[in-house]
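The values are calculated or read from the model by the stated rules, or taken from the named source; none is laboratory data. Predicted model, so just to flag it, every value in this text is computed and none were measured. As a convention, Cβ positions derive from the backbone with ideal geometry for all residues, glycine included, and neighbour counts pool all protein chains shown. Just the protein is used for accessible areas: all its heavy atoms, side chains included, with ligands, DNA and RNA removed. Shrake-Rupley method; radii C 1.70, N 1.55, O 1.52, S 1.80 Å.
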Amino acid sequence: CKEQAKEAEMAKEEAEMPDYDKYDRQVAVLEAFYQAHGDEDLEAQSAMIADDFQWSPPYSNENKWLGKAEFMEALKGYHDAFDNLKFTEGIVMPDSTVNGFWSGSVFPKGMANISSTIIRAYGTWTATHSESGKEIGVKYFSLASVNDEGKITQSSEYWDVNGLAAQLVEDE
């Protein structure tokens with residue numbers, strides 16, 4: 001009886017373990033997507049986006065979700081306006097830069113989970129403005145989901161759109 005109880009407890013612990021392999025696969029999709037953005041490869045980016053993709057852009061739009069077409073149009077706009085797009089992963093701290101991809105949580109207690117359903121991505125985007133040659137940079141945060149087929153199904157992005165615009169008009 002003790003052996004059965006021990007086996008049941010081990011099975012429960014195993015069932016409650018985070019799926020690190022799934023998380024790693026999801027992060028790899030996001031890393032590949034960011035690399036394709038840096039490469040200005042819209043075709044590769046489109047292939048990584050689910051047809052029913054939902055996007056909450058970084059600017060205020062009354063919290064309306066947009067679709068794949070609007071997202072691809074925005075990406076093309078960035079490709080047209082900027083060169084040398086580069087994503088540097090990580091959260092900048094006073095003495096280091098720490099991991100750029102996170103999922104699951106332990107706080108708050110009532111909502112703690114070990115799921116990788118939503119991946120939090122942190123980093124900095126840098127680029128060169130195509131028209132002026134100005135170097136720009138913005139801190140970036142995104143909440144994204146990747147399905148079992150390896151397609152990004154949703155993204156809610158947060159970055160300072162006005163800060164980017166201000167960098168382009170400085171010293172004109």
Response to the item:
Filtering region 9-40 down to residues that are at pLDDT 95 or above and not in a helix (DSSP H, G or I) yields Asp39, Glu40
Discussion item. So, Ile119, is that one touching a residue at least 60 places away in the same chain (Cβ under 8 Å), of a type outside the set (Lys, Arg) and farther than 23 Å from Trp55 by Cβ or not?
Written reply: no
Worksheet item: Inside region 146-158, can you point out the residues that are open to solvent by less than 40 Å² (accessible area, probe 1.4 Å) and either hydrophobic (A, V, I, L, M, F, W, C) or not in a strand (DSSP E or B) (or both)?
Response: Val146, Gly150, Ile152
Item to complete: State which residue is nearest to Met72 (Cα to Cα) when the search covers only region 159-172 and only residues that are exposed (fewer than 13 other Cβ atoms within 10 Å of the Cβ) and of a type in the set (D, E, K, R).
Response: Glu170
Item to complete: Would you confirm whether any residue within region 131-145 is touching a Phe, Trp or Tyr at 6+ places or on another chain (Cβ under 6 Å), aliphatic (A, V, I, L, M), under 21 Å from Ala36 (Cβ atoms) and surrounded by 16 or more Cβ atoms within 10 Å (Cβ to Cβ)?
Response: yes
Worksheet item: Taking Gln54, is it within 17 Å of the chain's Cα centre (by Cα), surrounded by 14 or more Cβ atoms within 10 Å (Cβ to Cβ) and not in a strand (DSSP E or B)?
Response: no
Item to complete: Test Glu43 against the criterion of being modelled with pLDDT of 95 or more and of a type in the set (Asp, Glu), and give yes or no.
Response: yes
Response to the item:
When region 71-90 is checked residue by residue, the ones that are open to solvent by 30 Å² or more (accessible area, probe 1.4 Å) and either on the phi > 0 side of the Ramachandran plot or of a type in the set (D, E, K, R) (or both) are Glu73, Lys76, Asp80, Asp83, Asn84, Lys86, Glu89
Item to complete: Name, by its number, the condition in (1) assigned to a helix (DSSP H, G or I); (2) over 21 Å from Ala28 (Cα atoms) that does not hold for Glu43.
Response: (2)
